[in-house]
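Only one structure is covered here, and it is reproduced in the block below.
The values are calculated or read from the model by the stated rules, or taken from the named source; none is laboratory data. Predicted model, so just to flag it, every value in this text is computed and none were measured. We place every Cβ from the backbone using ideal geometry, glycine too, and count neighbours over all the protein chains shown.
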Amino acid sequence: MRAGEGPTTVLVHGFTQTGSSMAPLADRLAVRRRIVCVDLPGHGGSATISCDLDEAASLVVDAAGGEPFDLVGYSLGGRVALHAACQSPDNLRATVVVSASTGIEDPVARARRLERDVAMADELLASGDVAAFLDRWLANPMFATLPHPMADLKGRRSNTAPGLADSLRRCSLGAQRWLLDELATLQRPVLMLAGARDDPFVAIATATAAACRGVTCAVVTGSGHVCHLEQPELTARLIERFLPAC
């Protein structure tokens, strides 16, 4: 939780992060909003909680305490947020997803992704070496634009091997159903943000907005995949411009 008064906004972090990783964005949004930062299942204070994406989405909705709220999620947290939006809870007003996928449409490709992530989870669990896993994870090309001091390594290293491995298995992109058809029927607005230097996710956001009447997209200039850490000020401005004021 962060200081702030106004509409409740729940922030949801990405894989290997914790709720504290959202601090640069939370601090800016808290000027006008009551901010709730959660730890996803398998992460931080929720390391021993095991959930799939739909179950995680329900927990995120519960974090609003029954109040009307807006939802902002990054990467894994963005996919959880999309699942929450598709559940259409009465108190969810609007959803923002940052650098997140609507899923893999091809079942064969989806199964391959799940197999890859399960193998990665098994390797992490066998070694128990979170620090080495994080080094490999952050060497992924999509993090090439994230400066090392902004990576929140201290927060990431507070996670456990069993928690991260369970999240990889149960919340893999390969375990996510294809959401585009559901998103096309939503009655509440969704904003998809992507960093201008993150071409694959710009393409996902653009295609989703083109296919779904209630979805819009915006690009965070000067940013790669991790918009809320690379360009928190601009990301916050784009979110504030989209979300209802009250």
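Could you grab me the full set of residues in segment 193-218 that are β-branched (Val, Ile, Thr) and surrounded by fewer than 18 Cβ atoms within 10 Å (Cβ to Cβ)?
Residues of segment 193-218 β-branched (Val, Ile, Thr): 202, 204, 206, 208, 215-216.
Listed by number, the residues that qualify are Thr206, Thr216.
This table checks each residue for (1) modelled with pLDDT under 95; (2) surrounded by fewer than 20 Cβ atoms within 10 Å (Cβ to Cβ); (3) on the phi > 0 side of the Ramachandran plot.
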residue: Ala165; (1), (2), (3): no, no, no
residue: Gln176; (1), (2), (3): no, no, no
residue: Gln187; (1), (2), (3): yes, yes, no
residue: Leu191; (1), (2), (3): no, no, no
residue: Thr221; (1), (2), (3): no, yes, no
Quick one: what pairs do we get from segment 127-148, first residue at positive phi, second surrounded by 12 or more Cβ atoms within 10 Å (Cβ to Cβ), C-beta under 6 Å, 6+ apart or different chains? Gly128/Ala161
Do you know which residues across segment 131-190 are assigned to a loop (DSSP other than H, G, I, E, B) and within 14 Å of Val226 (Cα to Cα)? Ala139, Asn140, Ala144, Thr145, Leu146, Pro147, Ala151, Asp152
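If we scan segment 68-87, do we find a residue that is touching a residue at least 24 places away in the same chain (Cβ under 8 Å) and in a loop (DSSP other than H, G, I, E, B)?
Within segment 68-87, the subset touching a residue at least 24 places away in the same chain (Cβ under 8 Å) is 68-87.
Next, only the ones that are in a loop (DSSP other than H, G, I, E, B) stay: 68, 75.
Within segment 68-87, one or more residues are touching a residue at least 24 places away in the same chain (Cβ under 8 Å) and in a loop (DSSP other than H, G, I, E, B).
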Can you pull out the residues in segment 23-44 that are under 15 Å from Phe69 (Cβ atoms), in a helix (DSSP H, G or I) and in contact (Cβ under 8 Å) with a residue 60 or more places away in the chain? Leu29
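Hey, any hits in segment 150-158 for a residue that's within 26 Å of Thr208 (Cβ to Cβ), surrounded by 12 or more Cβ atoms within 10 Å (Cβ to Cβ) and either among the hydrophobic types (A, V, I, L, M, F, W, C) or out of contact with any strand residue (DSSP E or B) (no Cβ under 7 Å at 6 or more places or on another chain) (or both)?
Initially, segment 150-158 is screened for residues within 26 Å of Thr208 (Cβ to Cβ), giving none.
No; the residues of segment 150-158 include none that is within 26 Å of Thr208 (Cβ to Cβ), surrounded by 12 or more Cβ atoms within 10 Å (Cβ to Cβ) and either among the hydrophobic types (A, V, I, L, M, F, W, C) or out of contact with any strand residue (DSSP E or B) (no Cβ under 7 Å at 6 or more places or on another chain) (or both).
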Within segment 191-208, of all residues that are of a type in the set (A, V, I, L, M, F, W, C) and either part of a loop (DSSP other than H, G, I, E, B) or more than 18 Å from the chain's Cα centre (by Cα) (or both), the one nearest to Leu82 (Cα to Cα) is Ala207
Sort out which residues of segment 45-64 are over 15 Å from the mean Cα position of the chain (by Cα), surrounded by 19 or more Cβ atoms within 10 Å (Cβ to Cβ) and assigned to a helix (DSSP H, G or I), and write them in order of number. Ser46
All conditions in (1) surrounded by fewer than 20 Cβ atoms within 10 Å (Cβ to Cβ); (2) under 15 Å from Pro89 (Cβ atoms) are true of Asp27 except (2)
If you check every pair at least six apart or on different chains, which have Cβ atoms under 6 Å apart with a residue in segment 193-212 that is basic (Lys, Arg) first and a residue that is in a loop (DSSP other than H, G, I, E, B) second? Arg197/Thr145; Arg197/Gly224
